[in-house]
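What follows is a single structure, written as structure tokens, with notes after it.
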Amino acid sequence: MIRYDNLKPAVIRVALGRERFEHPRFIALRSHYGYDSFYCIPGKDGAHEKGGVKGEIGRFRRRHLTPVPHVGSLAALNEALAAADARDDARRIGARAETVGAAAERELPLLRPLPAEPFDVAATLSCRVDAKARVCVRQSYYSVPARYAGRRLEVRLGATTIRVLDPSAHGKVVATHTRSLHKGTENLVLDHYLEVLVRKPGALAGSTALVAARACGAFTPTHQRFWEAARRAHGDAGGTRCLVGVLLLHRTMAPAAVSAGMDAALLLGNYDPDLVAVEARRRSEATTIGAPPPVPLPPSAAAAAGVVRPVPSLAGYDQLLTTSQEASA
């Protein structure tokens, strides 16, 4: 049994005495973990029932949250709270001989084991994707791949994350976002709009998705240098299409490999996305084997050094053809 102070996420309405109308999701939660709830009497009549809880909260706040910590994200705050909770294991209550952690270890074998699967606390919603490839959840907007515009998708709303699933693809996750804490915000991923930007390259420069990609570090200075060089060589539209082709490589290749491919393309003065893909694969293969990645030579340097590429040969394919004919025979 766990004691509660009539918290709103669990209690829909307070009835007479200790009777409560609980939220269905909260009933499912405590049923999954096999415990019962005990609610304090509201007001002054139940003040003595929750003094220990209030006192413990005040002690933790004074010890670990004073002065108020400044963190960059909710995840960082949760990590700081977990570390503070771990430090409290060495604390002793009053004049007791054993620490809080030792008492918890002694009590652990007496507790019921946790279920094999954790309880999914996410709420299930059905949202329609608008013309800008966004779903509106709790008055905040989150992007999905542009091909889902106009369709209705399933959204799993969690405490810190939002997952968007495609019901027609057996619940395949098509987008994942960190849940926004403010109303009216936009959480856009540049990768969701790449197919549209191939047809409308002029929309990239002023897009909100590009600003978000720069802010989170997904769009690096290497991407910017490649984009600027490609636009000087092929014009704004052509250069932007080259960049979009490179951005599409991130779906199947590691960021470090794609970055190495862009560096090689800048050195060669060739901004074809296929060249970037080849150089990226070379980097990936060299990293897997353990050898240092090859450094491409500019055309002028290659000619000066007497580097001559061999004539392409199909001998390897002829050997495969011979082997296939022998197997058929």
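The values are calculated or read from the model by the stated rules, or taken from the named source; none is laboratory data. Just so it is clear, the structure is predicted and the values come from calculations on it, not from any experiment. Here Cβ is always computed from backbone atoms with ideal geometry, including for glycine, and neighbour counts include all displayed protein chains.
Worth pointing out:
Listed here are the residues, each with its yes/no results for (1) at pLDDT below 95; (2) surrounded by 15 or more Cβ atoms within 10 Å (Cβ to Cβ).
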| position | (1), (2) |
| --- | --- |
| 111 | yes, no |
| 115 | yes, no |
| 119 | yes, no |
| 128 | no, no |
| 134 | no, yes |
| 145 | no, yes |
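- Criterion: under 28 Å from residue 125 (Cβ atoms) and hydrophobic (A, V, I, L, M, F, W, C) - qualifying residue of 26, 60: 26
- Of the candidates 207, 180, the single residue that is under 30 Å from residue 127 (Cβ atoms), in the same structural domain as residue 149 (by TED's automatic domain parsing) and surrounded by 15 or more Cβ atoms within 10 Å (Cβ to Cβ) is 180.
- Taken over the range 94-109, the criterion of being more than 19 Å from residue 56 (Cα to Cα) and at pLDDT below 90 is satisfied by 97 alone.
- So residue 283, is it at pLDDT 60 or above, among the basic types (Lys, Arg) and farther than 30 Å from residue 203 by Cα: yes
- Residue 26 vs. criteria in contact (Cβ under 8 Å) with a residue 12 or more places away in the chain and either in contact with a Lys or Arg (Cβ under 6 Å, 6 or more places away or on another chain) or surrounded by 14 or more Cβ atoms within 10 Å (Cβ to Cβ) (or both): yes
- Criterion (in a helix (DSSP H, G or I), more than 25 Å from residue 181 (Cα to Cα) and not assigned by TED's automatic domain parsing to the domain that holds residue 161) met by exactly one of 79, 98, 117, 56: 56
- Selection status of residue 254, at pLDDT 70 or above, among the aliphatic types (A, V, I, L, M) and surrounded by 15 or more Cβ atoms within 10 Å (Cβ to Cβ): no
- Evaluating residue 1 against the criteria (1) surrounded by 10 or more Cβ atoms within 10 Å (Cβ to Cβ); (2) aliphatic (A, V, I, L, M); (3) in contact with a strand residue (DSSP E or B) (Cβ under 7 Å, 6 or more places away or on another chain) leaves one unmet condition, (1).
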